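Just so it is clear, none of the values below were taken in a lab; they were calculated from the coordinates. Owing to the predicted nature of the structure, the values given are computational and were not obtained by experimental measurement. Note that we place each Cβ from the backbone using ideal geometry, even for glycine, and neighbour counts take in every protein chain shown.
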Amino acid sequence: MFLSICIHLSKRFQSLLPNRETTKQEGFTDTFGRQHTYLRVSVTEKCNFRCLYCMPEEGVQLSPSENILSKNEIIRLLQLFSHYGVDKVRFTGGEPLVRKDFLDIVQSTKQQTNISRLAITTNGMILNKYLESLKESGVSGLNISLDTLIPVKFEFITRRRGHKTVLDSIFKAVELGFPSVKINCVVIRGFNDDEILSFCYLTKDWNITVRFIEYMPFEGNRWNTGKFVSFEEMKQKIALEFGTLKPEQNGIHDTTKHFRIPGFVGRIGFITSMSEHFCAGCNRLRITADGNLRVCLFGDKEVSLRDYMRQGASDDELAEIVAFAVKRKDFALGGYEDMTGIASNPNRPMIHIGG
Ligand code: SAM
Ligand code: SF4
């Protein structure tokens with residue numbers, strides 16, 4: 001059924017469809033010349049935390065388990081995407097490590113695809129026991145979320161215990177020598193904006209990157225302008241304590257503006273999705289746990305690769321579907337004008353999209 005709809009659409013929009021040969025040469029390139037070489041794959045909608053800024057208070061409706069991509073479906077998609085130029089994959093969720101076959105997915109990705117850079121975003125709660133295996137499996141990047149250095153505030157924001165466990169896993173990851181360990185800290189006025197300097201001090205002796213993330217609005221996540229702290233405000237606060245920050249050279253695809261505090265070993269960074277978007281260099285695509293391709297975090301257009309796969313689509317057909325979706329990608333912010341536009345439109349909760 002889905003495949004026939006696709007074929008029907010293909011005929012209707014033949015002139016819009018990227019040519020198969022061109023797709024093979026260009027990879028997944030949009031109409032703004034951006035080739036998409038980075039794929040973020042959400043492997044589960046489930047999570048062992050309930051972060052206030054991510055989960056709606058009433059929780060999220062989980063997809064039936066048969067709707068979630070199987071390991072084999074994920075690996076098939078990764079093989080396909082790598083064939084079309086994707087060389088970096090980040091596994092996310094929900095919490096990727098709560099998925100029972102997650103390690104197996106990571107190992108199969110390493111063994112069965114040409115993806116050269118493997119990374120994970122995790123809340124760190126059950127990371128510790130997997131660290132060695134993940135390192136052996138070729139994971140080079142770990143982004144671990146931590147929004148506060150104060151245990152009682154951790155319980156408030158995550159609605160769970162485990163502050164020390166998460167901190168321990170961060171330090172163990174550094175000790176094990178993962179090439180990249182980053183702390184993701186969502187800054188919320190009135191909650192943790194008074195801890196920005198303490199987070200900076202973590203980079204004094206530890207070779208880690210602390211990334212301050214601007215709080216983004218998603219359905220039911222309590223966002224409002226009063227809680228929003230901009231990159232400029234954070235930077236000024238840090239400069240008052242440490243003096244002018246030393247900017248690092250950023251790559252065209254970087255979502256983070258990196259800086260170094262003079263004399264400190266690690267780095268700090270800012271993810272300025274709201275105040276200064278970085279869409280011009282965007283090379284990212286997303287696959288949700290239920291198998292939807294999403295070409296932009298903020299845009300709500302999605303196409304179910306799972307359904308096409310389960311209807312028997314060939315790899316070439318899947319590649320055409322992806323190429324078509326990429327060609328329809330907006331230049332910035334999923335087509336919204338600015339942060340007000342994003343905030344006033346319902347977007348799937350972050351836990352469904354995978355950050
Ligand atoms: N469970 C994992 C974790 O927390 O790291 C991975 C999934 S989580 C959705 C991915 C990232 O999105 C986390 O670093 C989290 O802090 C961030 N995030 C979630 N909601 C956000 C929001 N409203 N604004 C900014 N970042 C958000
Ligand atoms: Fe779970 Fe991560 Fe969302 Fe927190 S931010 S609720 S840890 S998915």
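Just list whichever of K71/K172; K46/K329; K129/K237; K46/K110 have alpha carbons separated by over 26 Å in the model shown.
Check vs 26 Å cut-off fails for K71/K172; K46/K329; K129/K237.
When ranked by the protection proxy of mean other Cβ atoms within 10 Å per residue, highest first, what sequence do the peptides 147-153, 81-87 form?
81-87, 147-153
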Computed ³J(HN,Hα) along the stretch 39-45: with the Karplus parameters 6.51/-1.76/1.60, θ = phi - 60°, integer Hz and x for glycine or proline, the list is 10, 10, 10, 8, 9, 7, 9
Expressed as a whole-number percentage, the relative contact order of the chain with C-alpha contacts under 8 angstrom and at least six residues apart is 22
Inter-site label distance for E233 and Q79 at 7 Å from Cα along Cβ, in nm: 5.0
What is the packing order of peptides 209-218, 46-55, 130-139, taking the mean over residues of other C-beta atoms within 10 Å and listing the highest first? 209-218, 46-55, 130-139
A chain fully extended from D101 to S314 at 0.36 nm per residue, minus the present Cα-Cα distance, gains in nm 74.1 nm
V265 versus D87: modelled label distance in nm, points set 7 Å from Cα along the beta carbon direction: 3.0
Starting from 0.36 nm per residue, how many nanometres of slack lie between A280 and R189 once their C-alpha separation is accounted for? 29.9 nm
Once the Cβ-Cβ distance between R222 and L149 is put in as r, and R0 is 22 Å, what FRET efficiency do you end up with, to the nearest 0.05? 0.50
